Protein chains: 6
Amino acid sequence: MRLLVVNPNTTVAMTDAIAAEARRRARPGTEVEAVTAPWGTPSVESHAEEALAAVATLEAVAARAAGGAVDGVVVACFGDPGLEAVREVSPVPAVGIAEAAMAVAVTLGHRFSIVAARDRARPLMVDVVRRHGFESRCASVRTTGLSVLELERSPDVAEEAIVAAAQRAVAEDGAEAICLGCAGMAGLDERVSARVGVPAVDGVGAAVKLLEAVVDLGLTTSRAAAYQPPERKPLTGPPSLVSALGG
Amino acid sequence: MRLLVVNPNTTVAMTDAIAAEARRRARPGTEVEAVTAPWGTPSVESHAEEALAAVATLEAVAARAAGGAVDGVVVACFGDPGLEAVREVSPVPAVGIAEAAMAVAVTLGHRFSIVAARDRARPLMVDVVRRHGFESRCASVRTTGLSVLELERSPDVAEEAIVAAAQRAVAEDGAEAICLGCAGMAGLDERVSARVGVPAVDGVGAAVKLLEAVVDLGLTTSRAAAYQPPERKPLTGPPSLVSALGG
Amino acid sequence: MRLLVVNPNTTVAMTDAIAAEARRRARPGTEVEAVTAPWGTPSVESHAEEALAAVATLEAVAARAAGGAVDGVVVACFGDPGLEAVREVSPVPAVGIAEAAMAVAVTLGHRFSIVAARDRARPLMVDVVRRHGFESRCASVRTTGLSVLELERSPDVAEEAIVAAAQRAVAEDGAEAICLGCAGMAGLDERVSARVGVPAVDGVGAAVKLLEAVVDLGLTTSRAAAYQPPERKPLTGPPSLVSALGG
Amino acid sequence: MRLLVVNPNTTVAMTDAIAAEARRRARPGTEVEAVTAPWGTPSVESHAEEALAAVATLEAVAARAAGGAVDGVVVACFGDPGLEAVREVSPVPAVGIAEAAMAVAVTLGHRFSIVAARDRARPLMVDVVRRHGFESRCASVRTTGLSVLELERSPDVAEEAIVAAAQRAVAEDGAEAICLGCAGMAGLDERVSARVGVPAVDGVGAAVKLLEAVVDLGLTTSRAAAYQPPERKPLTGPPSLVSALGG
Amino acid sequence: MRLLVVNPNTTVAMTDAIAAEARRRARPGTEVEAVTAPWGTPSVESHAEEALAAVATLEAVAARAAGGAVDGVVVACFGDPGLEAVREVSPVPAVGIAEAAMAVAVTLGHRFSIVAARDRARPLMVDVVRRHGFESRCASVRTTGLSVLELERSPDVAEEAIVAAAQRAVAEDGAEAICLGCAGMAGLDERVSARVGVPAVDGVGAAVKLLEAVVDLGLTTSRAAAYQPPERKPLTGPPSLVSALGG
Amino acid sequence: MRLLVVNPNTTVAMTDAIAAEARRRARPGTEVEAVTAPWGTPSVESHAEEALAAVATLEAVAARAAGGAVDGVVVACFGDPGLEAVREVSPVPAVGIAEAAMAVAVTLGHRFSIVAARDRARPLMVDVVRRHGFESRCASVRTTGLSVLELERSPDVAEEAIVAAAQRAVAEDGAEAICLGCAGMAGLDERVSARVGVPAVDGVGAAVKLLEAVVDLGLTTSRAAAYQPPERKPLTGPPSLVSALGG
């Protein structure tokens, strides 16, 4: 199968890291096609940036997935920006890395904590937990104090900060598993697991595997109500967006 | 005070109706400035359209509110698209019509129901209730079967459909108040109240009044975490957006 | 419009302070008529005192509001004592200062904390949050250790204690806004906001504004079920109560 | 032991029926002393009447329980009016018939329904479920359409209406046990159980037994916070109340 | 009446202690018959041990209760292992010590905390709270760090550890009552209450009393759905189990 | 990888069907080893049968998984009997078919409904939803009225009943996806999806895929607290159990 992995921010190095992690986790026979958000910001750390990322992700998916060129879509930013919108416009199933990480984590421990980037991400994380309905399984949200790009650029510094936050989550909050709450942490799951002593789940890997599962099961997004394709309506706006969404 | 009321869709006639309702409800001394989404779709009825509307609303607000030209912002679409993002970029407080309608409704009855446009809006309404935390006060979401534009264009047809749905909500779901779940229903609150026999709350009016209250109280958005202004980062994308958000 | 603001305790100095704050927040054209509970205790800090305050408030409202003499009622004690009962007997809408403070606070931040008087108020505050359905938006209840009357009599001491509690709520509990959880804190909102750095909402001001909003919108209490006027029945009891409620 | 059973309304015939049921359920050695609310309304069916009943109950309990004359208090109205206040002023433990009925019902079935008097009682019942924290165990609230006094005066009519409502709760709502949601239904539990085929729990009996249990266990109300005795303060008001509460 | 109290673990000394506590709490006329799990482990501290204990308890109950030999069943392990299964096979009502302790505790304070044995019990306790629906009334789960058998064998050491944990629950978590979260703590309730200053509820005593209440009320398990007796089916397995359950 | 799929009931034909479905869904390179519960009942439809099934499953897993002979375990009964216990004794990760079906379903629609076997299964299904924390995503539980063995033996009859129940869930409850709530429905997912028009998720397939994902990600059960291996203790009981669990 062929999976489209969208990096909702504009940092190509981050797309590359996400793609590498996605490919490392993909099973034989799964091809990963990674795309960078066509526009937006180099990292997504606020509601405003999430809003931009949602539309840029939507544009990227619409441009690529419409023709059946891929079998599934991963939205690779821990806030799952635009995920529900992507489900509407994509003929193939879509999975977000936050929902995937949580879906895996709940099979491993009684409660999980999310370790996110900066403090300002905490309410966004609380909301993504609630949006997907995992609030009774989430012990806490902890933060590293590092920005997304700092996490991405300095894996060693990132690892120390993540381990410290995760250890506090285990010791003080009752966490039994850790969700790495930022795509910039991709690839650190094994080291964090080893050092903290509880499983750490990377959303990119989790999403690739969960999506493989959905595709293998022959399932796709329900069209009953929430994810019905948007009606065709006159669409105005940025040309690339109009072109992709077929206004 | 001067309030910016943003219609997140591109239908100018709907902006006009919203503006008229906002002005009708504003207290003496409140000026209402209404703007239409600079781009997007003529109505917002899906997650994808909400995503577009969020960014178009953000652009409209950033273009207008940044310089302190207004004292508050109303997002006038019942899904409150982009509301949290608007809070980040706006120096003045922002209120959504869904949250405002619900905040008013809970002072009037034990439980409220939302009467929305088409069936596909139901999950979006369920989510907006949950996002704002009103789930223990919401009796049900009922739908009219009419599109947003049908509601807007044919007030008589709209009224019949809304009344029928509201009556079912009262009789079968225990609703004691009704939230009119679409900006296209603006102005119908009094007739629906009179015919159904329970208060019907129009979000546009409610948002104008709630925002007047917040402004009069000298309050504005907290910058503690969730609504910190986005950091300045290189922003790419549609020129009007980049210009407004100052990438 | 004319609003009746009821102080549910018997301390006239507190009624005066509440009235001053209510008038400061009222818009031009709103007259505030403040009344003191006709009987009860000088402060309301326990369930028993709340029970008394509820009936005394009910008596005050019934005596005054029945003839259409006022356009709305504020119950000015943070436990909202008797609020639902007031809604039944009053022909005009009624708002409590706890529900109003919370309704405003949720438009300003992701989560709010309540700063209340003494430790024993904590469970009452937890219950008022739950009664109005704001539990998913409440970060914590913090207390000052001061009694209601100490707060009222020594604004400087009160301010220090409130600021200290609020700072802990922000730093440790994730509060992004503060609800001043006692009518005895009226008038301190601006100083607390300035010192703590997040918006502090005073319930008296919030209730006046929210009630102005409801009245301006032409809305009043639903009679569908919860707030139907009590049936006329033989009422016995204190003469002033029987006289007011028309037993 | 000696239990004080308070009928929070003023109907002496109802006190007698409650007393008879309480005595029928009391174990050997338990004496039941039943008192009628010293003032208020002949039935309690609204928030306003509940507020009056709370204070009248408080007065009755304070007048009687203070001197250690009884070992426990039952508040015998299904809204548990004034229960928390009673806990504060009473040196002995107190139980409400709603909480007791629910505590028993959850040992008998997966979900219970409450069958209440008139439709207007429904929101009050929903709130009493939530106040005591049983919402995940409550299948529904059904009503008979009869007033409290009609239930009390016409047991045959009452039985038919209760059975009909209970059967619907079992068939349509998944109820596995029924709480008789009105003290006026006391004594009908066995006939309802027999006819509906699921256990029906009468709150009066349940409260007497639960209170016997608490007393036998040597337990009494916690004074840690919520139920600390009210501080002594100057109390004004109806002489009987001031006398009882010792203002 | 005659109550069967099942100790779900295999430690006879613990059965004796449970029996002594049950008899101490039983009212005159209640006979207590205590049985030890016919097989399993000497203490129950994990999900696996709970699974074994559930079946061993089921076997013990089926062997004894089927013929109407007893009037009610207590499952005397704080995880309430097998309680719902026991309800199905027993013709008489059944109560677990966890649900009973919580049902009593909520009549005494606003929130309770559970003091459990070792840290690994915490998630099991969180789950038993949620299974019975008491999550809005539970302040926290605290642990002593001692194993079940250490608690049982060294009451003095146990008492110190329980008191320390309970004091933290009161001071830091807002607990107003304590549930002794292990049958090995039976008999320590009075000393813990006295030393901590809030009521401590022992589940064994609470269950005996709650069960006496249910039996006295003439109630038994609903057969509407959840607790219908299992259909007769070919049962294979350990001979004692097959014999007891009548495969 | 090699997965152990345990059928918790004793019906070998059902094990075969489950195995066939598991193998159909496994990716190349995954071997499925299916085992039948060593003892118990031919179907699991009650709490008592679930209790037996939990221990029999535990025995089967302990006998087989201990030596590292397999890479993961599927518990293939929709109540996930013994799942948490299996996690404790198994060195490799374990997934239940209920949790897996729900984890997949929430990526496909806004809300799912479970279609279960007989009416008596409804409360068990409600509890499994709550146990795994999916209650905010579950629209309803519907039942077919057929027993597990009827479902297994008569796929045509089963299909009609499932389709009818699923259609009602979609039309009346807002379901957008269906979880087939019984291992006896394995293999019917595609036909149900096609006929009902929303995705139907079979738990066996979903669990195999989710487990492949977990194994591929190199993750295993957290030993932080809930799923720590049981301590070694003297174990008595059925010889096969003692032998497997190493008492």
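The values are calculated or read from the model by the stated rules, or taken from the named source; none is laboratory data. Just so it is clear, the structure is predicted and the values come from calculations on it, not from any experiment. Virtual Cβ from ideal backbone geometry, glycine too; neighbours counted across all protein chains shown. When the accessible area is computed, the model is the full protein with side chains, heavy atoms only, and any ligands, DNA or RNA have been set aside. Shrake-Rupley method; radii C 1.70, N 1.55, O 1.52, S 1.80 Å.
Miscellaneous remarks
- In the protein assembly as shown, Rg over Rh equals 0.95, where Rg is the alpha-carbon radius of gyration and Rh the Kirkwood radius from pairwise Cα distances.
- For the range A:102-118, 3J(HN,Hα) per residue [Karplus equation, 6.51 cos²θ - 1.76 cosθ + 1.60, θ = phi - 60°, Hz, x = Gly/Pro]: 5, 4, 6, 4, 6, 8, 10, x, 5, 9, 10, 10, 9, 9, 10, 6, 8
- The mean of 1/r over all pairs of different alpha-carbon atoms in the range B:1-52, once inverted, gives a Kirkwood hydrodynamic radius of 11.6 Å.
- Ordering D:LEU219, D:GLY133, D:ALA244 by the projection of their Cα atoms onto the charge dipole of the range D:96-247, which places +1 on the Cβ of Lys and Arg and -1 on the Cβ of Asp and Glu, puts D:ALA244 at the extreme positive end.
- Ratio of Rg to Rh over the range B:73-222 (Cα coordinates, Kirkwood Rh, two decimals): 0.96
- Bridge orientation summary for chain A: considering DSSP beta bridges with both residues in this region, about 0 percent are antiparallel.
- Given charges at beta-carbon only (K, R positive; D, E negative), |dipole| of the range B:118-247 in Debye: 580 debye
- Selected from B:VAL201, B:THR57, B:SER154, residue furthest toward positive end of dipole (chain B; charges at beta carbon): B:THR57
- Accessible heavy-atom area order of A:VAL75, A:VAL35, highest first, probe of 1.4 Å: A:VAL35, A:VAL75
- Of all DSSP beta bridges in the protein assembly as shown, antiparallel share, percent nearest 5: 5 percent
- Interchain or long-range residues, amide H under 5 Å from A:ALA37's placed H: A:ASN7, A:ASN9
- Computed from label points 7 Å out along Cα-Cβ, the spacing between B:GLU33 and F:ALA69 is 7.6 nm.
- 0 to 90° range, to nearest 10: angle between helix F:12-25 axis and chain F longest Cα axis: 80 degrees
- Where E meets F: accessible area buried, both sides, 1.4 Å probe, Å²: 3100 Å²
- Per-residue ³J(HN,Hα) for the range D:143-159, Karplus 6.51 cos²θ - 1.76 cosθ + 1.60, θ = phi - 60°, Hz, x for Gly and Pro: 10, 9, x, 9, 6, 4, 6, 5, 4, 6, 7, 10, x, 5, 4, 4, 4
- In the context of the full protein assembly, D:MET1 retains an accessible surface of approximately 40 Å², using a probe radius of 1.4 Å and ignoring ligands and nucleic acids.
- Here B:GLU172 yields copy-to-copy label distances, from shortest upward, of 1.1, 1.1, 5.0, 5.0, 5.1 nm, the label point defined as 7 Å from Cα along Cα to C-beta.
- Legend: calculated FRET efficiency, B:ALA20 to B:ALA171, from the Cβ-Cβ distance at R0 = 35 Å, rounded to 0.05, equals 0.65.
- Point-charge dipole on Cβ atoms (K/R +1, D/E -1) for chain F, about Cα centre, debye to 20: 360 debye
- Euclidean distance between Cα centres, the range B:180-247 to the range D:105-166, Å: 41 Å
- Scaled to the globular estimate 2.2 N^0.38 Å, the Cα spread of the range A:155-199, given as radius of gyration, is 1.02.
- In chain C, the calculated helix contribution to ellipticity at 222 nm averages -14000 deg cm²/dmol per residue, counting -39,500 (n - 2.57) for every DSSP H run with n ≥ 4.
- Once all protein chains are placed together, D:GLU33 keeps about 30 Å² accessible to a 1.4 angstrom probe.
- Residues whose placed amide H lies under 5 Å from that of A:ASP80, excluding near-sequence neighbours: A:ILE97, A:ALA98
- Estimated FRET transfer efficiency (A:ARG232, F:VAL12; beta-carbon r; R0 56 Å; 0.05): 0.55
- Cut-off under 5 Å, modelled amide H: who pairs with A:ALA139 long-range: A:PHE112, A:SER113
- Using the Karplus relation 6.51 cos²θ - 1.76 cosθ + 1.60 with θ = phi - 60°, the per-residue 3J(HN,Hα) values for the range D:179-195 come to 9, 6, x, 6, 4, x, 9, 3, x, 8, 4, 5, 5, 5, 3, 5, 7 Hz, with x marking Gly and Pro.
- Approximating the spin labels as points 7 Å out from Cα along Cα→Cβ, the B:ALA164-to-D:ASP156 distance works out to 4.5 nm.
- Put a plus charge on the Cβ of each Lys and Arg, a minus charge on the Cβ of each Asp and Glu, and nothing anywhere else: the dipole of the protein assembly as shown about its Cα centre is then about 0 debye.
- B:SER154, E:SER222, ranked by accessible area, largest first (probe 1.4 Å): B:SER154, E:SER222
- Counting heavy atoms of the protein chains alone, C:ASP127 has an accessible area of about 60 Å² for a 1.4 Å probe.
- The protein assembly as shown - accessible surface per residue (Å², probe 1.4 Å): 28 Å²
- Each label point was placed 7 Å from the Cα along the Cα-to-Cβ direction; for A:ASP119 and C:VAL242 their separation is 6.1 nm.
- Between the range B:50-93 and the range E:28-80, the C-alpha centres lie 62 angstrom from each other.
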